[in-house]
């Protein structure tokens, strides 16, 4: 009896031990492991991967609202429909296989209103008919929405346009077009006007130059500045020989008078900051060649690229800037190398004695009179003609922004933008190009970010990062929608917001994957902590399995 009771007690103790071991194992597996895995996992907020992948293939349609206004006696003879009516011209711009860009001109043909007719008549009735007067009088009467164009068709014999001029392009968003006999000829002339006043296939390709093969680009495609939220402009005076020259330049007054009106007009495109500096004993780094015939020193075109690097090392502004820096340098040659002139590729002297470097800036050589007598009083005081200097620098600034007027048909007359530096339609030209470039930049940025996060799974994706990504995607989609509706300004603002959000997400410090442990290191850290607890549980489970097998075999032996 006592032995049986002892065996029963021993069996009950072993059963209690098995239940305890199973309870510990169950708690560890069912509750412990999931809780540990959940508390140590990398938090990754959901991202719109499908929308990001679709940004690069999203078609972009550039819509230009365009009014064609016929003055008295200018309606084509073969016009089959009565005014007003609307016509649409759509054409695909070839960029690459992945990007689809189409242009759509929504042309509304109508007659002049009473106010427009009176303005044209007043400009024609002057003693000297004036196209600028007509442009100024018509400006308050037309649609001034950014991206829109207004073409005023005047009679073929109108005196508003000078002899031999068929198109006058004003400072705003309108043009005077001389009428022709047929509607087809008029439409061909209007297409030429839109090629000047609006975007072109080459300008769109230049905006996407970083995403196209070099063989598809023109020679000047990479000259234009890349779109940016801001630019820094630095004017530098280089005086390599202060013992011979004391140079005085009124850079503050020149900036306020010549540069500020231009930057005020460009403030919609980006933010600008301007500073200036004077560098002494700063040489170009290239020894000019002495020409005996002209008794002057010459810098050839092939040596100009070697001029920038030694000078740039002295500027010291680009390293501390978050935005692209545009450098405009005024170089006063040292006395031993004066006068100094720049030659073009054909060996002819450059009229401005200046050159520009794509996406960098420009350099102008400013020669001063060298005293013939060696006993002349030194240093020589020099007052810089800032009007002449700023005329060159502003022309270079226009080139850097892609606002060249070199390819204008000879029968076109373009009004000078005056003190503002660029016309309203030229500002629209920048907005078209920068909007398309911003859309492409955001698409590339978000695609790279999505690929990075998909490849490295241990990077934490915080909610604020995901929010910026969602905001960038929504802004790009909004920009594309606004472009298709012809709302250029709203589209550009949406594209800027998309760039800001995408850059905030891409450069967020929390995305540094080295801040977090990969899975193999996580197991290496936690296994020494869990192993002392896991060994007794595993041994108990092994013992339970072994005893269970023995009990299942005992009845067979008894038989």
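Readers should treat all values here as calculations from the given coordinates under stated rules, not as data from a laboratory. None of the values given here were measured: they were computed from a predicted structure. Neighbour counts are summed over all protein chains in view; Cβ atoms, including those assigned to glycine, are modelled from backbone coordinates with ideal geometry.
Which order do 432, 360 fall in if you start with the one that has the fewest other Cβ atoms within 10 Å? The order, fewest Cβ neighbours first, is 360, 432. Relative contact order, whole percent, for the chain stands at 17, derived from Cα pairs under 8 Å and 6 or more residues apart. For Cα Rg over 2.2 N^0.38 Å, computed directly from the structure shown, the correct entry in (1) 1.40; (2) 1.02; (3) 1.52 is (3).
Please work out how much length the chain gains when fully extended from residue 503 to residue 187, using 0.36 nm per residue of separation minus the C-alpha to C-alpha distance, in nm with one decimal.
Length gained between residue 503 and residue 187: 109.4 nm.
Looking at the stretch 60-197, the DSSP beta bridges with both ends there are about 35 percent antiparallel.
Any idea what angle helix 463-484 forms with the longest principal axis of the chain, computed on alpha-carbon atoms, 0 to 90 degrees, nearest 10? Taking the Cα atoms of the chain, the angle to 463-484 is about 40 degrees. Express as a percent, rounded to the nearest 5, the fraction of DSSP beta bridges in the chain (both residues included) that run antiparallel. Close to 25 percent. Modelled this way, with points 7 Å down the Cα-to-C-beta line, the labels at residue 489 and residue 276 are 3.3 nm from one another.
Quick one: length gained pulling residue 22 to residue 552 fully straight, 0.36 nm per residue minus the C-alpha distance? Show your work: numbers first, answer last.
Details: separation 530, 0.36 × 530 = 190.80 nm, distance 1.92 nm.
This chain segment gains 188.9 nm when fully extended.
Taking neighbour Cβ counts within 10 Å as the exposure measure, how do 200, 548 sort from fewest upward? Mind dumping the intermediate values first?
Details: 200 17, 548 11.
Placing the least packed residue first, the sequence is 548, 200.
Measuring between their Cα centroids, the stretch 285-301 and the stretch 349-364 lie 17 Å from each other. Once you reduce the stretch 529-548 and the stretch 143-170 to the center of their Cα atoms, the two points are 93 Å from each other. Counting beta carbons within 10 Å around each of 276, 416 and listing the fewest first gives the order 416, 276. Per-residue ellipticity at 222 nm computed for the chain from its helices equals -13500 deg cm²/dmol, with DSSP H segments shorter than 4 residues left out and the rest contributing -39,500 (n - 2.57).
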